[in-house]
1. Restricting attention to region 151-162, does a residue exist that is touching a strand residue (DSSP E or B) at 6+ places or on another chain (Cβ under 9 Å) and not in a loop (DSSP other than H, G, I, E, B)?
2. Among the listed residues S220, S200, identify the single one that is free of Cβ contacts under 8 Å to residues at least 40 places away in the same chain, within 14 Å of the ligand (Cβ to nearest atom) and buried (at least 23 other Cβ atoms within 10 Å of the Cβ).
3. Tally time: how many residues in region 166-196 are closer than 17 Å to T122 by Cβ and part of a loop (DSSP other than H, G, I, E, B)?
4. What pairs come up if the first residue lies in region 285-298 and is more than 16 Å from L3 (Cβ to Cβ), the second is of a type outside the set (D, E, K, R) and modelled with pLDDT of 75 or more, and their beta carbons are under 6 Å apart, counting only those six or more places apart or on different chains?
5. Please note which helices (runs of 4 or more DSSP H) are completely contained in region 10-123 and include at least 1 residues that are modelled with pLDDT of 90 or more and basic (K, R).
6. So which of E160, E238 ends up being within 15 Å of the ligand (Cβ to nearest atom) and either out of contact with any Leu (no Cβ under 8 Å at 6 or more places or on another chain) or in contact (Cβ under 8 Å) with a residue 40 or more places away in the chain (or both)?
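The values are calculated or read from the model by the stated rules, or taken from the named source; none is laboratory data. A quick note: this is a predicted structure, and the numbers were derived from the prediction, not measured. Cβ placement follows ideal geometry from the backbone for every residue including glycine, while neighbour counts extend to all protein chains displayed.
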Amino acid sequence: MALIRAYYKSPDHDFNLIHGDSFELLPQFNFKFDMIFADPPYFLSSGGISVQNGKIVCVDKGDWDKSMSQGEVNAFNLKWLSLCREKLKDNGTIWISGTYHNIFSVANCLTQLGYKILNVITWAKTNPPPNISCRYFTYSTEFIIWARKYEKVPHYYDYELMKHINGDTQMTDVWRLPAIAPWEKSCTKHPTQKPLGLLSRIILASTEPGAWILDPFAGSSTTGIAANLLERRFLGIEKEEKFAAISKARREEIENIKIFETYRRKIPDIVKAEDTQTDMFKCREPEPAMSLPFLDDC
Ligand SMILES: C[S@@+](CC[C@H](N)C(=O)[O-])C[C@H]1O[C@@H](n2cnc3c(N)ncnc32)[C@H](O)[C@@H]1O
């Protein structure tokens, strides 16, 4: 097995990024992950418009998001979900975000491949952009499907922590969270960047410290930044170099311990988690760096 060249590795080896195509790269290594988060293309870019800061703007995201036929979208989702299943530990889970444009295709593919769907989270955005046509309800939600690899193998869920974060009542599958805040754009912004608050909740709910997390459509690596803020480890794959560069800048930014701590304090779920898991963020003995066995130095 030839070593894959890393685009970037953090000094502690907890953040690893490959620049390339997941469809080609995933079959090239055998490592198994505890959790996968994927924010795949929604195939929405077909010349639509919206309002940003009072101005009408085109909402096309880029060539990677150009509209495709339903058959092509299904084939795309089936392929990458099949490749990801190979990379998941037997008790591992996968989270996939989407809108009504792609999420039903994702759900069908998951079932077809033998995954078991655990929940469909509705992310209700507290600050959605207005609908300028005034002919529809304002789009204010995204969906995130949570599934495990097998029907019968139990998965990890931190029930008590989720309950604590939700004010000591069971966490529901509707999460009212804002879209990204200005401080999350400090290294410039990816056109579909997810908020760190959303990824933090996902990671806290479904992994333990030290877990390995994969994101096959890394973008600006929100998954990796949230993972490292929570002492989890990350491998991201991103096809476009300009987005890989944003990821690297974001990871370098949190090498600064003051920024690292400031960002943690800006994420309400992390602040609440600190109340219960008192040893969670205490300075520990540094663990020996563990390199991914298939990844060459950049
Ligand atoms: C919806 S965005 C992810 C944004 C990310 N969640 C963030 O917070 O920045 C999807 C990303 O997948 C990348 N992409 C699309 N197809 C890919 C492929 N086959 N392999 C790797 N990356 C791909 C795109 O370039 C884009 O940056």
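1. Among the residues of region 151-162, not one is touching a strand residue (DSSP E or B) at 6+ places or on another chain (Cβ under 9 Å) and not in a loop (DSSP other than H, G, I, E, B), which makes the answer no.
2. So the residue among S220, S200 that is free of Cβ contacts under 8 Å to residues at least 40 places away in the same chain, within 14 Å of the ligand (Cβ to nearest atom) and buried (at least 23 other Cβ atoms within 10 Å of the Cβ) is S220.
3. Result for region 166-196: 9.
4. Hits for this filter: A289/H13.
5. Fully inside region 10-123 and qualifying: 70-86.
6. Going through E160, E238 in turn, the sole match is E238.
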